[in-house]
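What follows is a single structure, written as structure tokens, with notes after it.
The values are calculated or read from the model by the stated rules, or taken from the named source; none is laboratory data. All figures in this text were calculated on a predicted structure; none of them were measured in a lab. FYI the Cβ positions are ideal-geometry reconstructions off the backbone, even for glycines, and counts take in every protein chain you see.
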Amino acid sequence: MNPNSAPRTIRILSTDVEVTGIQFHSGKVKQGEIFVAIPGMKSDGHDFIEQAIESGAAAIVGEKPFSGLPVPYFQVTDAREALAQLTAQYYDHPSRRHIMIGITGTNGKTTTAYLLKHIIECSGLRCSLIGSVVNSINGHDIPSLQTTPDVLQLQKWLAESQDEVVVMEVSSHGIHQKRILGITFDYVIFTNLSHDHLDYHGSIDTYYLTKQQLFDHLKPQGEAVISSLGFWGQRLLDHLLSTNKKVKTFGGSENNDLHIAPAYSASTEEFRFCDGTHTATIKIPLPGTYNAWNVGAAWLTGLQLGIRSERIQQALSSFPGAPGRFEMIPHPIGAKFIIDYAHTPDGFEQFLKTLHGQKESRIVHIFGFRGNGDPSKRRIMLDISVVWSDEVILTLDNLGGRDKESMLLELQEMIQRTGASKCKLIEDRTKAIEYAWLHAREGDQIAITGKGRENYDQSFELPSRTDPETLDYLLQYQFHV
Ligand SMILES: CC(=O)N[C@H]1[C@@H](OP(=O)(O)OP(=O)(O)OC[C@H]2O[C@@H](n3ccc(=O)[nH]c3=O)[C@H](O)[C@@H]2O)O[C@H](CO)[C@@H](O)[C@@H]1O[C@H](C)C(=O)N[C@@H](C)C(=O)N[C@H](CCC(=O)O)C(=O)O
Ligand SMILES: Nc1ncnc2c1ncn2[C@@H]1O[C@H](COP(=O)(O)OP(=O)(O)OP(=O)(O)O)[C@@H](O)[C@H]1O
């Protein structure tokens with residue numbers, strides 16, 4: 001981090017120390033930097049202290065007792081917490097210089113972040129974005145590797161950003177691993193909570209409580225902007241009110257600060273938004289009731305920022321979409337391919353229900369499961385797909401370190417368990433997409449979910465091709481060639 005910067009003095013446990021940077025990976029330590037040793041899930045940073053010192057570490061921070069080191073050692077009770085606080089201090093608490101907006105929830109963070117950034121920019125303010133698809137700082141785009149980056153990267157971007165507003169997606173991993181400690185927020189948005197990441201958090205209750213912690217990071221005058229829908233939204237609302245936080249809600253009730261309702265019962269695209277003084281019926285930029293909630297989250301936050309509803313409505317009419325979220329690619333025969341990042345049971349249900357609502361012909365659904373994702377959601381997702389789709393094609397997604405043969409076996413067993421003749425397995429993702437392309441019929445909606453525009457690992461070869469341009473595009477989109 002910042003190897004060429006002039007040394008800065010930071011205070012560690014009431015001692016002033018001059019450092020040129022901070023690291024939590026021993027392999028990255030340079031002369032004059034602090035190394036923070038973190039006991040992790042796979043290894044223990046304390047085992048790498050010697051390596052860090054050999055690389056020039058000026059001081060070490062860790063949780064375990066150490067003596068006799070050739071550089072100062074500071075023992076703390078929580079190394080992740082110390083890392084976050086020291087980094088915020090090193091960069092002089094950059095979150096205080098921005099209007100900070102954090103977005104959490106199982107689904108909808110990226111879509112809401114893109115919508116909100118667009119609304120903010122249309123209102124004349126500059127806006128940084130930190131999230132799953134791209135990080136945009138001072139108008140420069142940096143491909144994303146994580147939803148919430150590590151604390152060093154995060155504070156560095158906040159320090160570099162000259163943008164008035166920063167919109168950032170906050171994952172439950174980011175909260176749990178204290179990547180956002182040292183950041184205070186003006187607004188925190190909650191979209192929803194449903195089954196995901198139970199392999200990491202252990203239970204949905206713990207998962208919820210982790211997300212709830214983000215609201216402790218609100219500045220004293222800060223406001224929560226939440227969906228009060230469903231059990232978790234209601235629980236969060238009760239919690240925030242009982243802790244005297246300022247809260248604004250969006251949802252389907254007239255008691256909500258922003259009331260959202262379909263313009264007519266069967267509509268997947270036209271919704272009415274009422275903020276108490278202004279009512280507008282609009283065609284939302286992405287279809288589906290769930291996207292109306294995402295629009296609502298962005299709209300209500302825009303209002304809190306002082307942007308008028310009329311202006312928000314105008315901004316929405318020019319929203320270019322969020323990459324890999326309900327993105328349509330036409331097929332020459334009159335079918336549509338839709339790429340979507342649905343990767344949770346609720347995401348599947350919402351997305352497929354929306355396709356069903358605009359059904360002209362068949363729904364063909366191609367998807368797989370990330371090898372290192374929560375395994376407990378896989379069967380539920382397949383069952384949902386079987387309910388809503390006319391043909392289900394399971395294929396491989398990113399293996400994430402998982403053995404390919406065991407993943408294929410799991411997929412085969414899952415198909416057998418459903419007993420549904422509409423399910424088939426085409427292990428090669430390219431072939432699965434080609435199969436759907438070649439068998440497309442007029443009016444078909446062919447959904448490819450998962451992966452989306454990820455920059456993550458990909459172990460499949462893309463064959464050289466002579467097919468129509470759009471199929472190439474579709475494959476490139478899925479494979480990043
Ligand atoms: C599963 C997970 O979340 N892992 C995080 C965790 O890693 P860990 O505990 O396994 O670390 P470890 O490998 O045991 O190492 C322990 C410590 O020793 C250090 N070390 C290790 C080796 C060495 O040679 N030298 C050294 O100093 C490491 O830097 C680390 O600080 O702690 C590390 C920081 O200390 C994180 O970087 C790492 O996030 C990884 C990179 C990650 O990508 N996690 C994913 C799951 C994640 O965060 N995803 C969410 C989105 C989820 C979603 O919604 O889909 C995200 O925000 O992106
Ligand atoms: N409000 C919502 N409720 C339920 N499902 C949603 C909602 N918004 C989006 N989805 C579904 O979840 C998918 C992922 O959406 P999005 O990327 O906006 O969420 P996310 O929270 O950022 O997820 P991730 O952090 O994993 O990227 C969408 O492609 C869509 O299928």
Taking the stretch 265-280 and keeping only residues that are hydroxyl-bearing (Ser, Thr, Tyr) and touching a Ser or Thr at 6+ places or on another chain (Cβ under 7 Å), one is left with Thr268
Counting only strands (runs of 3 or more DSSP E) wholly inside the stretch 322-400, the ones holding at least 2 residues that are within 16 Å of ligand 2 (Cβ to nearest atom) are 327-330, 336-340, 363-367
Phe460 vs (1) within 23 Å of the chain's Cα centre (by Cα); (2) at pLDDT below 90; (3) of a type in the set (Phe, Trp, Tyr): all pass except (1)
Check whether at least one residue in the stretch 149-156 is at pLDDT 95 or above and within 12 Å of the chain's Cα centre (by Cα), and report yes or no.
yes
Within the stretch 307-326, the count of residues that are of a type in the set (Lys, Arg) and either within 16 Å of ligand 1 (Cβ to nearest atom) or outside the structural domain of Pro285 (by TED's automatic domain parsing) (or both) comes to 1
Note on Arg379: of the conditions (1) surrounded by fewer than 22 Cβ atoms within 10 Å (Cβ to Cβ); (2) touching an Asp or Glu at 6+ places or on another chain (Cβ under 8 Å), unmet is (2)
Some residue of the stretch 189-212 being of a type in the set (A, V, I, L, M, F, W, C), outside the structural domain of Asn372 (by TED's automatic domain parsing) and free of Cβ contacts under 8 Å to residues at least 24 places away in the same chain: yes
Taking the stretch 406-431 and the residues there that are acidic (Asp, Glu) and within 29 Å of the chain's Cα centre (by Cα), the one that is surrounded by the fewest Cβ atoms within 10 Å (Cβ to Cβ) would be Asp428
Checking Ile180, Ile142 in turn, the sole residue that is assigned to a strand (DSSP E or B) and of a type outside the set (Asp, Glu) turns out to be Ile142
Per the filter on the stretch 145-155, residues crowded, with 20+ Cβ neighbours inside 10 Å and part of a helix (DSSP H, G or I) are Val151, Leu152, Leu154, Gln155
Among the residues that make up the stretch 164-174, is at least one of them among the acidic types (Asp, Glu), within 12 Å of Thr104 (Cβ to Cβ) and outside any loop (DSSP other than H, G, I, E, B)? yes
Checking Ser123, Ser128 in turn, the sole residue that is modelled with pLDDT of 95 or more, polar (S, T, N, Q) and surrounded by fewer than 24 Cβ atoms within 10 Å (Cβ to Cβ) turns out to be Ser123
| request: For Tyr187, indicate whether it is within 16 Å of ligand 1 (Cβ to nearest atom) and among the hydroxyl-bearing types (Ser, Thr, Tyr). | output: no
With criteria (1) away from ligand 1 (no atom under 16 Å from the Cβ); (2) under 22 Å from Trp299 (Cα atoms), Asp238 comes up short on (2)
Exactly one of Leu154, Leu115 is under 20 Å from Val188 (Cβ atoms) and within 14 Å of ligand 2 (Cβ to nearest atom), and that residue is Leu115
Quiz item: Does Tyr341 qualify as being of a type in the set (Ser, Thr, Tyr) and within 16 Å of ligand 1 (Cβ to nearest atom)?
Solution: yes
Restricted to the stretch 62-81 and to residues being under 21 Å from Gly174 (Cα atoms) and touching a residue at least 60 places away in the same chain (Cβ under 8 Å), the residue surrounded by the most Cβ atoms within 10 Å (Cβ to Cβ) is Arg80
Note on the stretch 360-388: residues within 16 Å of ligand 1 (Cβ to nearest atom) and closer than 21 Å to Asp428 by Cα are Phe367, Gly368, Phe369, Arg370, Gly371, Asn372, Gly373, Pro375, Arg378, Met381
Checked Gly334, Gly347, Gly368, Gly400 against criteria (over 25 Å from Leu115 (Cβ atoms) and surrounded by 16 or more Cβ atoms within 10 Å (Cβ to Cβ)); the one match is Gly368
**Asked** Would it be correct to say that Ile380 is touching a helix residue (DSSP H, G or I) at 6+ places or on another chain (Cβ under 6 Å) and within 13 Å of Ala447 (Cβ to Cβ)?
**Response** no
